[in-house]
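The values are calculated or read from the model by the stated rules, or taken from the named source; none is laboratory data. Predicted, not measured: the structure shown is a model, and the values here were computed from it. For neighbour counting, all protein chains shown are included, and Cβ atoms are generated from backbone atoms with ideal geometry for every residue, glycine included.
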Amino acid sequence: MSLTDEQWDALGLDRVVVRDRAEFFIGYAGSEAPLFDVDGVIDAFRDGPLGDETDQKVAKFTDTDDAGPAGLLRRRMAEAAGRPGRRPWARTAERADALRHAAQAALLGDTREGRNLLLQSASLYRELGLPFGDFLSAAAVGPGDAAFEAAGQLRSIIFGSETAPEARRVDEGYFSLPRRLLAPAQQIAVLFTALSSADGVDGFGIGIDLLRRASQATQATSVGVTGRPVALWWECGVRLAELTYGRPSARDDLRTTIAELATAHGQALRTAQFDRYHWPRALSKMDLVDLDLTGLTAISNRVLRQLGEPEWSMFEDFRDLTPLSQVSVQVGIRLSGPGRPRTPASGPSPSPEPTPGPAAASDYVPESRSPSLWARS
């Protein structure tokens, strides 16, 4: 189990319902692509109604008669599907989002299963060309080759210049590099991915002053599931860089900022609980796990481990948070793998951590689905 009983009680969700949510999104991601989308339906009716001369209002679309309304609809749909301007990336994005939602639910019950789903989602986001995929990989299994690429992209973001050719991915996916780096959420993903390796920060030339001078350091644009400003997330990156460079108070400062972000998510979860129809059914629009926060926690915990610093402890570092506010932080600590806790461990053993390395994400073989995922339901 990823969460403590106290945290589960605070969520107020039946574990079977959360399991079903994960199963639904896993099933959706694996389903066949629809024969048409909403745009196709709209296009099919732009040429007028399907009724015949008898002013027919209802048509049996399973009818095989090509001369009837069903045949007319099929012809119009085929024409609409063949027109230029379709969105070839839409299905890939839907599957990536579905697996992300599944991972958020699964991470509450089983870290290994959640990690597997995160990696699957990350692969699809990478296929789209979105840096968020590299961030999910770094959060799930540690720094890999993507950290070097992200460092080049980070300098591009800060200086507004082209990314160095050696730091570019061969296949940029569906979106061009400048376009995908414009989104604040993707900029934060690049920042955390670039800082995911303590050994590489200095080599990548990511200086603290460079990060502080970036325009993102004072940007108030809302980003993430809780709408916190870009500047607050960027500050986390600055603290992470300071930690790597050995600034004495960096760990405490980073902990304070993580706690602030965690409090915001806890308050958002509490607000969502007032909806007594959608919340108990795990249908709320509010993310059960803030993956930006969870990823930051996992990445920073691995960096602490690399530096020989005390790792994050829920009891010693975040005990002042409410149980709801602890959820995403707890998931992040578990996702970062086992370490040497400063206090005696209790409860189930943590999930094994894949060995970080240059190709950690690509070398990691997802484990088979674990029956322990909802064993305590």
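Quick rundown of the values:
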{"item": "Every pair of residues 6+ apart whose Cβ atoms lie under 8 Å, when the first sits in the stretch 122-144 and is under 20 Å from R112 (Cα atoms) and without any contact (Cβ under 8 Å) to a residue 40 or more places away in the chain while the second is among the β-branched types (V, I, T) and outside any loop (DSSP other than H, G, I, E, B)", "result": "L124/T92"}
{"item": "Test: residue in the stretch 275-292 that is surrounded by 17 or more Cβ atoms within 10 Å (Cβ to Cβ), closer than 30 Å to F24 by Cα and among the polar types (S, T, N, Q)", "result": "yes"}
{"item": "V331 being part of a helix (DSSP H, G or I), modelled with pLDDT of 95 or more and within 27 Å of L119 (Cβ to Cβ)", "result": "yes"}
{"item": "Which listed residue is buried (at least 19 other Cβ atoms within 10 Å of the Cβ), within 24 Å of D134 (Cα to Cα) and hydroxyl-bearing (S, T, Y), from S325, S222, S300", "result": "S300"}
{"item": "When residues of the stretch 121-161 are limited to those that are of a type in the set (S, T, N, Q) and buried (at least 21 other Cβ atoms within 10 Å of the Cβ), the one farthest from E23 (Cα to Cα)", "result": "Q153"}
{"item": "Residue within the stretch 277-294 that is part of a loop (DSSP other than H, G, I, E, B), in contact (Cβ under 8 Å) with a residue 12 or more places away in the chain, under 26 Å from L117 (Cα atoms) and small (G, A, S) present", "result": "yes"}
{"item": "Helices (runs of 4 or more DSSP H) completely within the stretch 104-165 that count 1 or more residues being within 30 Å of T4 (Cα to Cα) and hydroxyl-bearing (S, T, Y)", "result": "111-128, 131-141"}
{"item": "Residues of the stretch 229-248 satisfying the condition of being over 17 Å from A194 (Cα atoms) and either at pLDDT below 95 or of a type in the set (D, E) (or both)", "result": "G246, R247, P248"}
{"item": "Among the candidates A241, A262, A268, A272, residue that is surrounded by 14 or more Cβ atoms within 10 Å (Cβ to Cβ), among the aliphatic types (A, V, I, L, M) and free of Cβ contacts under 8 Å to residues at least 40 places away in the same chain", "result": "A272"}
{"item": "Among (1) farther than 25 Å from A147 by Cβ; (2) at pLDDT below 95, the one test that L307 misses", "result": "(1)"}
{"item": "When residues of the stretch 32-54 are limited to those that are within 28 Å of A282 (Cα to Cα) and either more than 23 Å from the chain's Cα centre (by Cα) or surrounded by fewer than 11 Cβ atoms within 10 Å (Cβ to Cβ) (or both), the one modelled with the highest pLDDT", "result": "E32"}
{"item": "Hits in the stretch 246-276 - residues which are more than 19 Å from R305 (Cβ to Cβ) and in a loop (DSSP other than H, G, I, E, B)", "result": "S249, Q273, F274, D275, R276"}
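To keep it simple, each residue is scored yes or no on (1) closer than 21 Å to D287 by Cβ; (2) within 24 Å of the chain's Cα centre (by Cα); (3) modelled with pLDDT under 85.
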site	(1), (2), (3)
L3	yes, yes, no
D9	yes, no, no
F24	yes, yes, no
A59	no, no, yes
T62	no, no, yes
L72	no, no, yes
A81	no, no, yes
P88	no, yes, yes
